[in-house]
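The values are calculated or read from the model by the stated rules, or taken from the named source; none is laboratory data. Values in this document were obtained by computation on a predicted structure and should not be read as measured data. Glycine gets a Cβ as well: all are built from the backbone with ideal geometry, and neighbour counts include every protein chain shown.
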2 protein chains.
Amino acid sequence: MSGQIEHTLRGSWTPSGAAAAQLSPSAMRWLRQRIGLTDTTTPAMPASLLEVPESALPQDARDELAALVGGEHVLLDDAARLGRAGGMSYSDLMRRRTAADLAVPDAVLLPGEPELVQGALEICARHDIAVVPFGGGTSVVGGVDALRGGKRAVVALDLARLNKLVSLDPVSRVAVLQAGMRAPEAESLLAAHGFTLGHFPQSFERATIGGFAATRSAGQASAGYGRFENMIEGVRVATPRGEWRPGVAPASAAGPDLRQLAVGGEGALGVITEVALRVRPAPARGRYEAFVVDGWQAGADAVRALAQSRALADVTRLSDVEETEVQLALAGGLKSRALNAYARANGIRRPCLLILGWDAASRGELKRRRARTLAALRDFRKVSLGRAVGESWKSHRFSGPRQRDALLDRGVCVETLETAAHWTGLGELRSAVRTALVHELGSARHRPIVMCHISHAYETGASLYFTVLAPRDEDALEQWARAKRAAGEAIAGRGTISHHHAVGVDHRPWLEAEIGTVGTDVLAAAKRAVDPTGILNPGKLVEAH
Amino acid sequence: MSGQIEHTLRGSWTPSGAAAAQLSPSAMRWLRQRIGLTDTTTPAMPASLLEVPESALPQDARDELAALVGGEHVLLDDAARLGRAGGMSYSDLMRRRTAADLAVPDAVLLPGEPELVQGALEICARHDIAVVPFGGGTSVVGGVDALRGGKRAVVALDLARLNKLVSLDPVSRVAVLQAGMRAPEAESLLAAHGFTLGHFPQSFERATIGGFAATRSAGQASAGYGRFENMIEGVRVATPRGEWRPGVAPASAAGPDLRQLAVGGEGALGVITEVALRVRPAPARGRYEAFVVDGWQAGADAVRALAQSRALADVTRLSDVEETEVQLALAGGLKSRALNAYARANGIRRPCLLILGWDAASRGELKRRRARTLAALRDFRKVSLGRAVGESWKSHRFSGPRQRDALLDRGVCVETLETAAHWTGLGELRSAVRTALVHELGSARHRPIVMCHISHAYETGASLYFTVLAPRDEDALEQWARAKRAAGEAIAGRGTISHHHAVGVDHRPWLEAEIGTVGTDVLAAAKRAVDPTGILNPGKLVEAH
């Protein structure tokens, strides 16, 4: 068991034992030149060099927790605590790489059953100890930062031992999974019964079922399988006020959908311990292809046409000109110059990469669905790059974070942020965010790359996902904080502050502008109802008062 | 304007000016015999015979309200007040037909703008006056009963004057409609721009956009267009604590989906004044067909196959043997005996009617979608009854409530109730509810008909909709209360207490069993946050306690 639980500083994404995705020398050369990179490097710091504060967990609470979950599941050693000191945002990683302002939990709890999570919350509430639920630790918005929130101590409640397939109903196609199960393990357990969730976010390799639910995750195949909240039939939630299990039927008019209040609660409205999920038969066939379309607006119009004619491929992903250029330059394979010439020869002057991927039960279904998608694209000028580029995208679909490790090592400020809006406002939203980021990160020396893609499309709108590459400043944290602030201001009033990363700590400044004072009051009231003393994930999403 | 607002007692559904759907003499003969009907009749009582209590609205509140919304929009006459004395449940109608226990509002407010709704709530909160939002008045769960809840007075806040198309974005395909707009008017305004909502519940002729949202309505074409809450991009809600406007993008991870808390709030969590809705191009083609399949279980399996292969027709509707028999007997057209012989000759012993209807943009799309549906039904024994029966179903799709008026006149206890569950539990749920209703309503003299259909199917489960026909007891209200209690007990623990009728007054006894104490506490906390003194729709959904 404990072999599965990593006790590392996690100053990088790359799972232990796995190779970091190194950039080729030519890619690195290209990038240095493009963004004006100097020679600063910041390799991840060994955990052994860090000073870890003494645990503030009171002895009586510790004894009670140990009696409940087992002494061996209350961890107080430095490695265990450092391993849960925050998530995977650029700021989190830089804090660990530079040993700056690390919020380290006073202990790590590893309860093995939902009932023990419930019991642990009651003990923590009694002793006024903050609880940070911890799944894969992949939050990029500070969602698992071990903040104490004025409590006597803070514990990371690691759900890693809640990793069972509780039940699978093949007739209703509903699987109940425990919250700590990692996505690859969930897929492999379901595959043994012929099923899949079809949920493949970039965090797939590390993230957990409970984390997906707590943050309203959206996978790369959301066009086909839906966002994670669309798969949710029910949840089991532990709270200081008792257990909560909304969801008894696929749909209901028995008042507001409380599942959708529990989902997205980010650990501040309870600790999700089990999730009942709609599953689908694992596809027997799949096909991924790449195209280029001419410019961002034409590409966005094409994706809109697919969404509105309900002909989206399961994966539908449009990169803007900048992202297309960088992907080609950094990934190798296709040569950027060759592609441009090829595209231009076919009448495309501003190539934007469009990845389309279909899953299907049979060759016939695949053919039929692909034909529908391509028919809906009939009126859009596009050039096929064939299956190799599409399949290459698929095989690298989870490698972005590993590549980020290599970039961080070399002194690159690399971070992502995302939003969504209705189609009509999407162009202005993209421009506003781009302008804000370029302005904030650019200088005579710094020539940041701000690239963008649509990865989740709906009939009425789409998400925008930005990736930033810039030379790192001396004060890396402040540099990014400034850029993030500028981007947040650009988003507010134009789109949602997060389409699938959640609120956490980082998006709180803009939440009230989005949901209003009444919305904030309702959330706070819901929190008080389940967590009257505010021990649950302080500083994230919403405060009880 | 005021011509559109009916000031009638509404002891029947049938809109004024429209003809009630009379049963043919042969149908009536069949029914008398089948259920053991006597000669008791209870025609709707003329409003003029009813004693209406004096209005308790205090003069100062009345003056303030009149100053805000205009004196002519504060109605105190008997007809106006009686016209908002409850909804359209069997109990509501019988109360009006027998002048028993009528809860009559002290006044009717007709504000003409969302801001005036907001202002009216603030005045009512200050004067401690309960507010019952009133749309089409079609609630069948007591959702618009004018309960005072211990307040000084109760007003019906009729949204009929909020009937504008606020905006239509044809690119994003989002329409903002005011809450008081009736469904037919919404469809006709959208049709002028080539769009449709595709929302056609049986209450279509009377119900409003705000009512659909407040009660999580599901239309007959929900398989194609989704439930009403699936169409909602945003809502504007007036509350005593200020306005609330959740929803800025098609999807978001900015915390829990607060739209789904506002939607289903049933007027107890605020008064919905505007709804932003996803619209779709109005279909150019449509085709409705009828089949019979062999028995309920085979039919349910067939609908499940359609849902799970995502090949549902936009309308997919399976009647059980009893409902099939009654529909044929009461509707005329196809002869029951002839159908049975025809079905048996084709190997079907227990005919269950299956209505399938497709909407499409073109003949090609219609053909393609129909072929997909029928291919998914390949392995199920079925006999086609052709388009005539299907189109006849479509043209009578809203006439059920009118037919009910004719049955009520003749002394029939006729009521519906509905639930939903996952596929695995659906058979047991149906048996349990049937058994409970037959047991409770049956006697030596009474041979009730309990019939059932699936009208909303999902990958993981479906709704069950029951219709009951029984000879009326002397105490009609008590007779149905007993039956409803028995059905509720049968549903609790097996399915949701309501799939698309909402909670209102009638389902409150079972809500906590479904959502748990924590769920109830969260709802109550949300209510306190928006409605601290509990003036909003007292006695419905949840109390602020």
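When the residues of the stretch A:502-535 are narrowed to those that are among the acidic types (D, E) and more than 7 Å from chain B (Cβ to nearest Cβ), which ends up farthest from the chain's Cα centre (by Cα)? Write out each step before concluding.
Step one: list which residues in the stretch A:502-535 are among the acidic types (D, E), which gives A:506, A:512, A:514, A:521, A:531.
From what's left, more than 7 Å from chain B (Cβ to nearest Cβ): A:506, A:512, A:531.
Numbers: A:D506: 14, A:E512: 22, A:D531: 26 Å.
Only one residue tops the list, namely A:D531.
Would you mind finding the one in B:L356, B:L374 that is buried (at least 18 other Cβ atoms within 10 Å of the Cβ) and modelled with pLDDT of 95 or more?
Values: B:L374 fails: buried (at least 18 other Cβ atoms within 10 Å of the Cβ).
From the options B:L356, B:L374, the qualifying one is B:L356.
How about the stretch A:417-430: which of its residues are within 23 Å of the chain's Cα centre (by Cα) and either of a type in the set (D, E) or away from every other protein chain (no Cβ under 14 Å) (or both)? Across the stretch A:417-430, the qualifying residue is only A:E418. Here is a list of conditions, (1) crowded, with 24+ Cβ neighbours inside 10 Å; (2) more than 29 Å from A:S172 (Cα to Cα); (3) of a type outside the set (D, E), and B:H499 meets all of them except one; can you say which number that is? So the condition that B:H499 fails would be (2). Looking at the stretch B:350-429, the strands (runs of 3 or more DSSP E) lying wholly inside it that each contain 1 or more residues that are out of contact with any Phe, Trp or Tyr (no Cβ under 9 Å at 6 or more places or on another chain) sit at B:351-360, B:412-422. Taking residues in the stretch B:156-172 that are more than 14 Å from B:L189 (Cα to Cα) and within 14 Å of chain A (Cβ to nearest Cβ), and partners anywhere that are outside any loop (DSSP other than H, G, I, E, B) and not hydroxyl-bearing (S, T, Y), the pairs with Cβ atoms closer than 7 Å and at least 6 places apart or on different chains are B:V171/A:W423; B:S172/A:H422; B:S172/A:W423; B:S172/A:G461.
Scanning the stretch A:487-501 for residues that are hydrophobic (A, V, I, L, M, F, W, C) and either assigned to a helix (DSSP H, G or I) or facing chain B (nearest Cβ under 7 Å) (or both) gives A:A487, A:A490, A:I491, A:I497. Only one of (1) closer than 30 Å to A:D169 by Cβ; (2) within 10 Å of chain A (Cβ to nearest Cβ); (3) hydrophobic (A, V, I, L, M, F, W, C) is not met by B:A311, so which one is it? Every condition holds for B:A311 apart from (2).
Among the strands (runs of 3 or more DSSP E) confined to the stretch B:142-198, the ones with at least 2 residues that are surrounded by fewer than 19 Cβ atoms within 10 Å (Cβ to Cβ) are located at B:165-169.
The conditions of being within 22 Å of B:M28 (Cβ to Cβ), among the small types (G, A, S) and away from chain A (no Cβ under 14 Å) are met by B:S392.
One residue alone among A:V141, A:V154 is under 16 Å from A:S55 (Cβ atoms) and of a type in the set (V, I, T), and that residue is A:V154. Taking the residues in the stretch B:329-353 that are at pLDDT below 80 and of a type outside the set (G, A, S) as candidates, determine which candidate is farthest from the chain's Cα centre (by Cα). It comes out as B:R337. For B:T316, indicate whether it is touching a Pro at 6+ places or on another chain (Cβ under 9 Å), at pLDDT 95 or above and assigned to a strand (DSSP E or B). For B:T316, the condition - touching a Pro at 6+ places or on another chain (Cβ under 9 Å), at pLDDT 95 or above and assigned to a strand (DSSP E or B) - is not met. Restricting attention to the stretch A:528-543, the residues that are closer than 13 Å to A:G265 by Cβ and part of a loop (DSSP other than H, G, I, E, B) total 5. Is the stretch A:517-527 home to any residue that is in the same structural domain as A:L407 (by TED's automatic domain parsing), surrounded by fewer than 21 Cβ atoms within 10 Å (Cβ to Cβ) and either in contact with a Lys or Arg (Cβ under 7 Å, 6 or more places away or on another chain) or in a helix (DSSP H, G or I) (or both)? No, there is no match, as no residue in the stretch A:517-527 is in the same structural domain as A:L407 (by TED's automatic domain parsing), surrounded by fewer than 21 Cβ atoms within 10 Å (Cβ to Cβ) and either in contact with a Lys or Arg (Cβ under 7 Å, 6 or more places away or on another chain) or in a helix (DSSP H, G or I) (or both).
Name the single residue, out of those in the stretch A:208-224 being assigned to a loop (DSSP other than H, G, I, E, B) and in contact with a strand residue (DSSP E or B) (Cβ under 7 Å, 6 or more places away or on another chain), that is surrounded by the most Cβ atoms within 10 Å (Cβ to Cβ). Even if it seems obvious, please write down each step before you answer.
So in the stretch A:208-224, the residues assigned to a loop (DSSP other than H, G, I, E, B) come out as A:216-221.
Retained after the next criterion (residues that are in contact with a strand residue (DSSP E or B) (Cβ under 7 Å, 6 or more places away or on another chain)): A:220-221.
On the way: A:Q220: 25, A:A221: 27.
Among those residues, the one meeting the criterion is A:A221.
Count of the stretch B:225-236 residues, restricted to those that are more than 9 Å from chain A (Cβ to nearest Cβ) and either in a loop (DSSP other than H, G, I, E, B) or touching a Pro at 6+ places or on another chain (Cβ under 9 Å) (or both), is 5.
Results for (1) out of contact with any strand residue (DSSP E or B) (no Cβ under 7 Å at 6 or more places or on another chain); (2) within 30 Å of B:V248 (Cβ to Cβ), shown as yes or no for each residue.
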| residue | (1), (2) |
| --- | --- |
| B:L277 | no, yes |
| B:P283 | no, yes |
| B:E289 | no, no |
| B:V293 | no, no |
| B:Q297 | yes, no |
| B:Q327 | no, no |
| B:L330 | yes, no |
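Taking B:R337 as the residue in question, decide whether it is part of a strand (DSSP E or B), more than 9 Å from every other protein chain (Cβ to nearest Cβ), surrounded by fewer than 24 Cβ atoms within 10 Å (Cβ to Cβ) and not hydrophobic (A, V, I, L, M, F, W, C). Answer is no for this residue. Restricting B:T239, B:T273, B:T316 to those that are within 11 Å of chain A (Cβ to nearest Cβ), among the hydroxyl-bearing types (S, T, Y) and touching a residue at least 40 places away in the same chain (Cβ under 8 Å) reduces the list to B:T239.
Would you please name the residue that is farthest from A:C124 (Cα to Cα), looking only at residues in the stretch A:206-254 that are among the hydroxyl-bearing types (S, T, Y) and touching a helix residue (DSSP H, G or I) at 6+ places or on another chain (Cβ under 6 Å)? The qualifying residue farthest from A:C124 (Cα to Cα) is A:S217.
Pairing residues of the stretch A:425-446 that are among the small types (G, A, S) with residues that are assigned to a helix (DSSP H, G or I), at Cβ distances under 7 Å and at least 6 apart in sequence or on separate chains, gives A:G427/A:Q297; A:A432/A:A490; A:A436/A:A486; A:A436/A:A487; A:A436/A:E489; A:A436/A:A490. Restricting the stretch B:244-261 to residues that are facing chain A (nearest Cβ under 7 Å) and among the charged types (D, E, K, R), the residue that is farthest from A:R494 (Cα to Cα) is B:D257. Every condition in (1) more than 9 Å from chain A (Cβ to nearest Cβ); (2) charged (D, E, K, R); (3) within 23 Å of the chain's Cα centre (by Cα) is met by B:R285 except one, and the failing one is (3).
If I ask for residues that are without any contact (Cβ under 8 Å) to a residue 24 or more places away in the chain and farther than 10 Å from A:L258 by Cα, which ones from the stretch B:521-530 would you list? Listed by number, the residues that qualify are B:D521, B:A524, B:A525, B:R528. Taken over the stretch B:436-472, the criterion of being assigned to a strand (DSSP E or B) and more than 20 Å from B:D409 (Cβ to Cβ) is satisfied by B:V450, B:M451, B:C452, B:H453, B:I454, B:A457, B:G461, B:A462, B:S463, B:L464, B:Y465, B:F466.
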